[in-house]
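Below: the structure, in structure tokens.
Since every read-out is calculated from the coordinates, none of them should be taken as a lab result. Everything quoted here is computed from the prediction, not taken from an experiment. Don't worry about glycine lacking a Cβ; one is built from the backbone with ideal geometry, like all the others, and counts go over all protein chains shown.
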Amino acid sequence: MGLLEARAKAREWFDEYPKAAYWTEVESWRQLEGDQIEFTMRRLPSAD
């Protein structure tokens, strides 16, 4: 997944799991060969 695709996918998660109900973050990411991006997201229920 390229940079623009990775950003779009991360945005989907933030839109689907709003901050008021979930704690969502990009836990880690790295750039692979060929401008590919690999990332891990974490989603937990909010304490609120």
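Projecting label points 7 angstrom from Cα along Cα→Cβ for Ala8 and Arg30 puts them 2.6 nm apart.
With respect to the chain, whose longest principal axis is taken over its alpha-carbon atoms, helix 3-16 is tilted by about 10°. Using only side-chain charges placed at the Cβ, +1 for Lys and Arg and -1 for Asp and Glu, the dipole size of the chain relative to its Cα centre rounds to 120 debye. Normalising the average separation of contacting C-alpha pairs (under 8 angstrom, six or more residues apart) by the number of residues puts the relative contact order of the chain at 41 percent. Computed over the alpha carbons of the chain, Rg followed by Dmax gives 12.1, 41 Å. Amide hydrogen proximity for Trp23: with H placed 1.01 Å from N in the peptide plane, the residues at 5 or more positions away or on another chain lying under 5 Å are Leu44, Ser46.
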